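Presented below is the structure to which this report refers.
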Amino acid sequence: AVGCGQRVYVTDGEVTQIEGDPDSPISRGRLCPKGSASKGLVTSPLRPLKVRYRRPYATQWEDLDLDVAMDMIADRVIETRARTWQDVDDRGHPLRRTLGIASLGGATLDNEENYLIKKLFTAMGAIQIENQARI
């Protein structure tokens, strides 16, 4: 999610080079500052590759299996939505929403990802959906 067109070269599943895309009408072969850091972002030995979780009141982080972490998130979303669901207001007007779930997106996501996140949170009944690009 950068502001420039990129050509990403991969050998044996590893990113070996990232260059500006000369066919891009926006950046015309140049990398933006974020784009020029892309290779380091994806190849850095400091990049986290595991799900890390710190339980409430714990002082240490632990590794979690991705499926376990996804189930934990899904359980919390379902419980929060059920607990905070507002079907109608005091006068019986339909609301069909939750104020217990919100989304604040960041600039590291591209338009397509933000579009899908907006659709997901709207389908769940959330109305507080923002993105850094709009703030």
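The values are calculated or read from the model by the stated rules, or taken from the named source; none is laboratory data. Keep in mind the model is a prediction, meaning the values are calculated, not measured. Please note: Cβ atoms are built from the backbone with ideal geometry, for glycine as well, and neighbour counts cover all protein chains shown. SASA here: full protein model, heavy atoms, side chains in, ligands and nucleic acids out. Shrake-Rupley method; radii C 1.70, N 1.55, O 1.52, S 1.80 Å.
Summary of values
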item: P(r) tail fraction, region 40-94 - alpha-carbon pairs more than 19 Å apart, %; result: 58
item: Segment VAL88-VAL8, length gained on full extension (0.36 nm per residue, minus Cα span); result: 23.8 nm
item: Nearest 10 degrees, 0 to 90: helix 66-84 Cα axis against the chain principal axis; result: 40
item: Per residue accessible area in Å² of region 1-84, where ligands, DNA and RNA are left out and the probe is 1.4 Å; result: 80
item: Inter-site label distance for LEU99 and ASP65 at 7 Å from Cα along Cβ, in nm; result: 4.0
item: Carbon/sulfur fraction of accessible area - the chain, other protein chains in place, 1.4 Å, %; result: 55
item: Solvent-accessible area of VAL42 with every protein chain in place, 1.4 Å probe, in Å² to the nearest 10; result: 60
item: ASP12, ASP110, ranked by accessible area, largest first (probe 1.4 Å); result: ASP12, ASP110
item: In Hz, Karplus ³J(HN,Hα) per residue of region 33-45 (6.51, -1.76, 1.60; θ = phi - 60°; x = Gly, Pro); result: x, 5, x, 6, 9, 4, 4, x, 5, 8, 10, 4, x
item: The chain: Rg to Rh, with Rh as the Kirkwood radius over Cα pairs; result: 1.09
